[in-house]
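The values are calculated or read from the model by the stated rules, or taken from the named source; none is laboratory data. As the structure is a computational prediction, the values presented were derived from the model and not from experiment. For neighbour counting, all protein chains shown are included, and Cβ atoms are generated from backbone atoms with ideal geometry for every residue, glycine included.
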Amino acid sequence: MVLMLGRITIFALMGGVLTAGTARAETAREAAEKLAKAGDGYAKQGDAKLAVMAYRRAIDRDATFAPPYAGIGYLLLKAGEKREAAVFFDRYLALETRPSEAANVARVNEALAGIRPKAAPAPAPVTAPAAAGAPAPAPAADFNAKAPSRKDPEKKASSLGVSAPSRLTSSPTPATASSLRDADQLFRRRDYKAAAAAYQKLAAASKTATEPRFKLAVALTALARWKEALAAWDDVLAVDPKNAAARLYRERVAEKAAKVIDAALLPADDAVKRAAIALGDGSPSLTLRLTGSVLATTPDRADALILRARAFAALGRFDDAVTAVRRALSQNPGDPRAHFALGETHRALGERDKARAAFLRFLAIVDATDANFARDIAFARRYVESQP
């Protein structure tokens, strides 16, 4: 489980008034629909990794929303992982009851038929008629029932970093996460801050438990909180000195921690430069921390807002990304970087018309001779041409 968690780097109290509960469910469904649409967009572009991340986040928001299960199933099928694909297709079919989705249901059934063709039915066993008053036959197996196996199939990850869909349970929060399973759900939801708090609580409950300590260190590393992560890896090694994975992680984090400068002490220009480098290195959490320190003193600095928007998008927080980029545009409506970032965010959400409009605006105002924008210009032109 520890190794699977490393690879992935990358459910509510009942009661209250009925209308309040309904509002929460609708909000979760809307978020799931938006993330599933983003996953569809990534899948069409051939980016399986980002597509899976978006689909998994959709499932974490609303585990009863069927389409993302089918999306992951198709990606697994394309990767040749038929057995894993069948698990997701089965969950999709168990959840999808809308008449409007009949065509998609038929497609999934067709895909399943190719994975496991129907065998000839076995002859029914000959049994004596039930005596009067005998108990009724056992019902069919519950779809969510746990298999009678020592190993939980949910813990098996595919080559795409996809584990089997979790059962329909409530989303944990940092306050209610009382087990590693709950904390792992927070991590898979990419809520690393909440996951770290949950792992910290679990680690404090046992002086010798390695797994919550290891996962705490992974979560802190994902947050780019290098000094805290270094201390956490030291704690893992204090409990398990022979843990080779922890030792390797510690070495890498130590290099990062040695270079850490308090973001609040950096000049704003240096912080923005470091934020851009961090984003390019795949550390959007560090980008958010650095830009946050800049915006705390200069809240309308456009380049920091644009970097922040891109970091939010990289983390799947698309609403926050749109908010940040619109703040940048309110300061400078003619900033081509902001229009490109807005187009990227709408594209990730699958909002093609809005993305096309943003890219067209970008192409209208950008200096076509500026080499710094050459790649963005080429990308925007290709997208606009593909969306007539």
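A few remarks follow.
- The set of residues in the stretch 97-112 that are in a helix (DSSP H, G or I) and more than 21 Å from residue 81 (Cα to Cα) comprises 99, 100, 101, 102, 103.
- Qualifying residue in the stretch 73-85 (condition: of a type in the set (Gly, Ala, Ser), within 15 Å of the chain's Cα centre (by Cα) and modelled with pLDDT of 85 or more): no
- Of the residues examined, residue 49 is not one that is among the basic types (Lys, Arg) and modelled with pLDDT of 85 or more.
- Meets criteria (assigned by TED's automatic domain parsing to the domain that holds residue 272, in a helix (DSSP H, G or I) and touching a Leu at 6+ places or on another chain (Cβ under 8 Å)) for residue 357: no
- Qualifying residue in the stretch 281-302 (condition: crowded, with 21+ Cβ neighbours inside 10 Å, among the hydroxyl-bearing types (Ser, Thr, Tyr) and within 26 Å of residue 386 (Cβ to Cβ)): no
- Selection of the stretch 207-229 for residues being part of a helix (DSSP H, G or I) and surrounded by fewer than 24 Cβ atoms within 10 Å (Cβ to Cβ) yields 211, 212, 222, 226, 227, 228.
- Residue 4 vs. criteria at pLDDT below 80 and in a helix (DSSP H, G or I): yes
- Selection within the stretch 41-55 - surrounded by 24 or more Cβ atoms within 10 Å (Cβ to Cβ) and more than 16 Å from residue 345 (Cα to Cα): 52, 55
- Selected residue (criterion: nearest to residue 115 (Cα to Cα)) from residues of the stretch 59-72 that are surrounded by 16 or more Cβ atoms within 10 Å (Cβ to Cβ), touching a helix residue (DSSP H, G or I) at 6+ places or on another chain (Cβ under 7 Å) and modelled with pLDDT under 85: 59
- Restricting the stretch 296-338 to residues that are under 19 Å from residue 223 (Cα atoms) and of a type outside the set (A, V, I, L, M), the residue that is nearest to the chain's Cα centre (by Cα) is 316.
A quick yes/no check of all residues on (1) out of contact with any helix residue (DSSP H, G or I) (no Cβ under 7 Å at 6 or more places or on another chain); (2) outside the structural domain of residue 52 (by TED's automatic domain parsing); (3) modelled with pLDDT of 85 or more:
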{"position": "277", "(1), (2), (3)": "yes, yes, no"}
{"position": "280", "(1), (2), (3)": "yes, yes, no"}
{"position": "292", "(1), (2), (3)": "yes, yes, yes"}
{"position": "298", "(1), (2), (3)": "no, yes, yes"}
{"position": "303", "(1), (2), (3)": "no, yes, yes"}
{"position": "312", "(1), (2), (3)": "no, yes, yes"}
{"position": "316", "(1), (2), (3)": "no, yes, no"}
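- Single residue of the stretch 265-278 satisfying the filter (of a type in the set (A, V, I, L, M, F, W, C) and farther than 13 Å from residue 222 by Cα) that is surrounded by the fewest Cβ atoms within 10 Å (Cβ to Cβ): 265
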